[in-house]
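**Student:** Take this structure, written in structure tokens, and hold onto it; I'll ask about it next.
The values are calculated or read from the model by the stated rules, or taken from the named source; none is laboratory data. If you're wondering where the values come from, they're calculated on a predicted model, not measured in any experiment. All Cβ positions, even for glycine, are placed from backbone atoms using ideal geometry, and neighbour counts span all protein chains on display.
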Amino acid sequence: MGTEDTHSLGYERVDVDPNVSVLLATMDATAGWEATRRLRAWERDRLKLGGGQRLLDVGCGLGEAALALVEDLGNDGEVVGVDVSEEMLRVARAKASAAERRVRFTVGDACALDEPNDYFHAVRCERTLQWLANPLAAVTEMARVVRPDGRISLIDTDWSTFTIDVGDDDLADRVRKAMGTERGRPSNIGRRLRDLCRAVCCEPLDATEATQTWTAWNPNELPTPDGCFSMESLADDLVDAGQLASADRDGFVSTIRHAALHDQFSMALTMHAVVAAAPAS
Ligand SMILES: C[S@@+](CC[C@H](N)C(=O)[O-])C[C@H]1O[C@@H](n2cnc3c(N)ncnc32)[C@H](O)[C@@H]1O
């Protein structure tokens, strides 16, 4: 089994990750999740973008969410996507040239945006805050570059909601306890999105959540459940969290694989979304 089969997912430094191709492919897969599609449609309804407006996508990744919203901006609208990863942006730019619109994908840090104050009608950030050491710094930057009365949209995962059912209550309990604790990054930030908006004086207008569920996985055909990290890396997380002895790591993985092969596998994960209004002036 190579690294691609056992990888964990980490989006802090995509370009130097030995599994960069897996990270890119995973973003494609997660864009197809029912929960992702529902939250993006919900966001689009609430942003109510119009012709000639400007949109910024912070941590835009492969750019497909920004490029879908460009449709709402007419021919004189503008979309800017910022991401720290050149590899992500290379794919995003290729998609944008096909779209032939006013789109700029640029390298930058969410916590130090190279964009003017009060410029964008809407600023969005999806599944990126969970990878930042200081998510409040990024949301503060979003509030700086959005126009008075503009909109801020945050979508992010709450990994403490992650559950796995393979017919083993003890295993499920250990996973729940391990994922409930943030270790080294704000993995449970989804539930704090409204507080983050208020912290930068943006008033939440509406909020929702969506749960992605997996009801099947064939480990003989796919190294991981669709768009998910590997079960080996989940085992490593449990070891780190003190929920699994290192010696039991392989047994943990084989229990899950065995259950999945016998049609006894499900997982769930909840993502949250909020759209907030910037102050009028
Ligand atoms: C999980 S992906 C989400 C991509 C996209 N927003 C989506 O939902 O499809 C996280 C993205 O955040 C980017 N990222 C991580 N740290 C960043 C930073 N400090 N500034 C800007 N982007 C960052 C990564 O390169 C990656 O593209």
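**Student:** Starting from residues that are in a strand (DSSP E or B) and within 16 Å of the chain's Cα centre (by Cα), keep the ones in segment 110-151 and report whichever is surrounded by the fewest Cβ atoms within 10 Å (Cβ to Cβ).
**Tutor:** Taking the candidates together, the pick is Glu126.
**Student:** Additional query: So which pairs qualify, if the first residue must be in segment 101-119 and more than 14 Å from Ala138 (Cβ to Cβ) and within 12 Å of the ligand (Cβ to nearest atom), the second must be among the small types (Gly, Ala, Ser) and in a loop (DSSP other than H, G, I, E, B), the Cβ gap must be under 9 Å, and the two must be at least 6 apart or on different chains?
**Tutor:** Phe105/Gly63; Val107/Ser85
**Student:** Among the residues of segment 181-188, are any touching a Ser or Thr at 6+ places or on another chain (Cβ under 9 Å) and modelled with pLDDT of 95 or more?
**Tutor:** Checked against the condition, which is being touching a Ser or Thr at 6+ places or on another chain (Cβ under 9 Å) and modelled with pLDDT of 95 or more, segment 181-188 yields no hits at all.
**Student:** Those residues that are within 16 Å of the ligand (Cβ to nearest atom), surrounded by fewer than 19 Cβ atoms within 10 Å (Cβ to Cβ) and under 17 Å from Arg104 (Cβ atoms), I need them from segment 72-89; list them, please.
**Tutor:** Matches in segment 72-89: Glu86 only.
**Student:** Just checking: which of the helices (runs of 4 or more DSSP H) contained wholly in segment 13-71 hold 1 or more residues that are surrounded by fewer than 18 Cβ atoms within 10 Å (Cβ to Cβ) and away from the ligand (no atom under 12 Å from the Cβ)?
**Tutor:** The qualifying helices (runs of 4 or more DSSP H) are 20-31, 34-47.
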